[in-house]
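Presented below is the structure to which this report refers.
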């Protein structure tokens, strides 16, 4: 659950692009397999959600986490944990 919270911002940023790509690129090939709109929508939704989470996780681990680490190292910021003293975070 904590890991999902870590890349939830990536999900928020990427979901319009991934869902748009999934609906435009995958709708036509799947349409003849699922003629009823209900199952087709369900299949497209499942594919779009899975693809969004996968792409968000990839961008989190490849871009966001290394960038956070570099920024913290550059500015001497230590990670704040729940219940920790706020002054310890700023290094004072």
Original post:
Which pairs have Cβ atoms under 6 Å, sit 6 or more apart or on different chains, and link a residue in the range 57-76 that is without any contact (Cβ under 8 Å) to a residue 60 or more places away in the chain to one that is part of a loop (DSSP other than H, G, I, E, B)?
Top reply: 57/7; 60/7; 76/91
**OP:** Answer yes or no as to whether residue 72 is touching a helix residue (DSSP H, G or I) at 6+ places or on another chain (Cβ under 8 Å), surrounded by 11 or more Cβ atoms within 10 Å (Cβ to Cβ) and at pLDDT below 90.
**Re:** no
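The values are calculated or read from the model by the stated rules, or taken from the named source; none is laboratory data. What you are looking at is a predicted structure, and each value in this text was computed from that prediction instead of being measured. Note: ideal-geometry Cβ built from the backbone for every residue, glycine included; neighbour counts use all protein chains shown.
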